[in-house]
Amino acid sequence: MTQQHILSGDLLMFAGDPFHAPPKETVLIETDGAVLIENGQIGASGARSALLAAYPQARHHAHPGKLICPGFIDAHVHYPQTAMIASWGKRLIDWLNTYTFPEEMRFDDPAYAAEISARYLDLSAAHGTTTMASYCTVHSASVDAFFGEALKRGQRVVAGKTCMDRNAPEGLRDTAQSGYDDSKALLERWHGTGRLSYAITPRFSPTSTPEQLEAMGALWAEHPDCLMQTHLSEQVDEIAWVRELFPGARDYLDTYEQFGLLGARGLYGHAIHLEPREIDRIAEHGASLVHCPTSNTFIGSGLFDMTGLKARGLSVGLATDTGGGSSFSMLRTMAAAYEIGQLKGTALHAGQLLWLATQGSARSLHLHDKIGALDVGMEADIAVLDLASTPAIAQRYGNAQNQWDRVFPTIMMGDDRAIAEVWIGGVKQVG
Ligand code: GUN
Ligand code: ZN
């Protein structure tokens with residue numbers, strides 16, 4: 001038996017979807033609680049005194065007044081964009097051509113891919129993120145590097161080779177056939193190894209020919225247990241370009257749908273400017289949308305309709321979209337989701353924001369039987385939040401009137417200084 005650990009503090013627990021029932025009934029803060037970590041999982045949870053009495057041999061990590069959360073789950077990132085995050089002044093297509101594609105070219109070098117994989121996983125862990133779904137680059141080496149680094153850390157990650165066979169520079173393009181072959185080889189090498197899973201990853205319709213999209217659809221049909229991740233309706237100019245490139249398609253989603261790239265395990269990043277037909281089809285298939293709020297404001301994409309889309313019953317995950325997003329922090333991302341909610345006329349509750357960054361993202365990745373909650377049997381991926389991590393937050397915490405009032409300033413103003421400890425697979429990695 002491995003060393004048992006008890007983490008005590010206030011526990012963030014879920015009893016339902018806070019967009020379908022009142023947040024105060026579905027997202028609960030259990031004060032003076034504790035979780036037992038054993039064999040990489042949560043072995044027990046409950047009142048602090050009861051757990052300490054039941055497991056006297058466990059090592060106790062006391063976090064009085066801190067919030068013990070499931071590790072944050074970032075449902076859409078581009079780890080290869082780590083070194084060019086916060087690049088100035090461009091909108092989506094110019095931003096890709098000016099900053100993103102030149103940086104992604106560097107990942108044909110396995111040593112550079114390994115260096116950035118480690119840097120990205122260090123940075124995201126320091127911000128409390130324990131799982132992410134990442135795009136890699138067109139190079140197989142970029143996938144091997146990322147999965148290899150995550151495997152060393154015992155981390156649950158989803159990733160895939162970004163496929164592009166047009167409208168990208170020489171050196172970043174594959175072909176319909178090589179994209180299929182390389183993706184298949186990577187999938188067979190990594191999917192299900194340790195805590196790793198493969199996502200079939202056509203970047204977006206503008207950078208894939210119909211032949212490539214068809215090949216991606218065929219690969220997904222052969223491996224229906226894999227996720228498929230792509231981008232959808234992020235900017236108005238992009239949508240106009242898709243219309244030109246696919247004159248026969250009913251809308252943007254149809255450029256995926258007609259090639260078998262719409263399904264329950266599909267993840268559609270951004271999804272801001274959706275047509276009613278697209279929303280209907282996504283709902284019918286039970287596919288997931290991924291909201292990337294800091295990216296949407298940074299690149300100037302638009303305002304995601306969280307309330308309307310959740311009311312339609314859609315599955316929505318939350319993500320940084322590093323490096324189109326301007327932060328590695330899911331706290332900053334929750335803050336941006338709140339701000340976009342305000343601009344759309346709805347103030348999202350702190351419980352809704354924390355649910356999106358953990359359970360909502362876990363559901364979108366179909367991993368909610370393993371991560372995204374602190375229930376017994378879940379994998380022990382945990383972030384401990386200091387709710388008074390800076391003088392500005394501490395003074396606001398000090399005059400808070402209730403539990404949620406104590407949490408919300410950290411959501412709005414917190415950063416990596418608020419991350420007191422991070423546990424990944426039952427091993428302390430930060431703090
Ligand atoms: N659309 C296609 N590729 C990308 C990307 O790398 N970032 C963002 N934000 N949107 C995209
Ligand atoms: Zn993206």
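For residue 101, the conditions (1) touching a Leu at 6+ places or on another chain (Cβ under 8 Å); (2) without any contact (Cβ under 8 Å) to a residue 60 or more places away in the chain; (3) part of a helix (DSSP H, G or I) all hold with the exception of (2). Selection of the range 224-246 for residues being crowded, with 24+ Cβ neighbours inside 10 Å and within 13 Å of ligand 1 (Cβ to nearest atom) yields 229, 230, 231, 232, 233, 234. Counting only strands (runs of 3 or more DSSP E) that sit wholly inside the range 209-323, those with at least 2 residues that are over 20 Å from residue 338 (Cα atoms) are 227-232, 266-270. From the list 249, 283, exactly one residue is among the aliphatic types (A, V, I, L, M) and surrounded by fewer than 17 Cβ atoms within 10 Å (Cβ to Cβ). Which is it? Selected residue: 283, the only one of 249, 283 that is among the aliphatic types (A, V, I, L, M) and surrounded by fewer than 17 Cβ atoms within 10 Å (Cβ to Cβ). Taking the range 407-424 as the range and being surrounded by fewer than 22 Cβ atoms within 10 Å (Cβ to Cβ) and either more than 24 Å from residue 294 (Cβ to Cβ) or β-branched (Val, Ile, Thr) (or both) as the test, only 421 passes.
Based on what the data block shows, is residue 75 within 27 Å of residue 426 (Cα to Cα), among the aliphatic types (A, V, I, L, M) and within 16 Å of ligand 1 (Cβ to nearest atom)? Against the criterion (within 27 Å of residue 426 (Cα to Cα), among the aliphatic types (A, V, I, L, M) and within 16 Å of ligand 1 (Cβ to nearest atom)), residue 75 qualifies.
For the range 111-169, the set of residues classified as polar (S, T, N, Q), assigned to a helix (DSSP H, G or I) and open to solvent by 10 Å² or more (accessible area, probe 1.4 Å) consists of 140 only.
Of all residues in the range 191-208, those being in a strand (DSSP E or B) and more than 15 Å from ligand 1 (Cβ to nearest atom) number 4. Listed by first and then second residue, the pairs linking a residue in the range 282-311 that is polar (S, T, N, Q) to a residue that is part of a helix (DSSP H, G or I), with Cβ atoms under 6 Å apart and 6 or more places separating them unless they lie on different chains, are 288/364; 294/333; 294/336.
One line per residue, one yes/no per condition, for (1) without any contact (Cβ under 8 Å) to a residue 40 or more places away in the chain; (2) part of a strand (DSSP E or B); (3) loosely packed, with under 13 Cβ neighbours inside 10 Å:
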| site | (1), (2), (3) |
| --- | --- |
| 3 | no, no, yes |
| 9 | no, yes, no |
| 16 | yes, no, no |
| 28 | yes, yes, no |
| 35 | no, yes, no |
| 53 | yes, no, yes |
| 66 | no, yes, no |
| 73 | no, yes, no |
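One line per residue, one yes/no per condition, for (1) closer than 17 Å to residue 331 by Cβ; (2) acidic (Asp, Glu):
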| residue | (1), (2) |
| --- | --- |
| 56 | no, no |
| 77 | yes, no |
| 82 | no, no |
| 96 | no, no |
| 109 | no, yes |
| 112 | no, no |
| 118 | no, no |
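Residue 287 falls short of the stated requirement of being in contact with a Phe, Trp or Tyr (Cβ under 8 Å, 6 or more places away or on another chain) and within 12 Å of ligand 2 (Cβ to nearest atom). Looking across 346, 322, 390, one residue alone is of a type in the set (S, T, N, Q) and within 16 Å of ligand 2 (Cβ to nearest atom). It is 322. Considering only the range 358-381, state which residues are crowded, with 24+ Cβ neighbours inside 10 Å and within 12 Å of residue 12 (Cα to Cα). The answer is 358, 359, 372.
The values are calculated or read from the model by the stated rules, or taken from the named source; none is laboratory data. Just so we're clear, the structure is a prediction, and the values are computed from it rather than from any experiment. Every residue, glycine among them, receives a Cβ derived from its backbone with ideal geometry; neighbour counts consider all protein chains shown. For the accessible areas, the whole protein counts, side chains as well, though only heavy atoms, and no ligand, DNA or RNA atoms are used. Shrake-Rupley method; radii C 1.70, N 1.55, O 1.52, S 1.80 Å.
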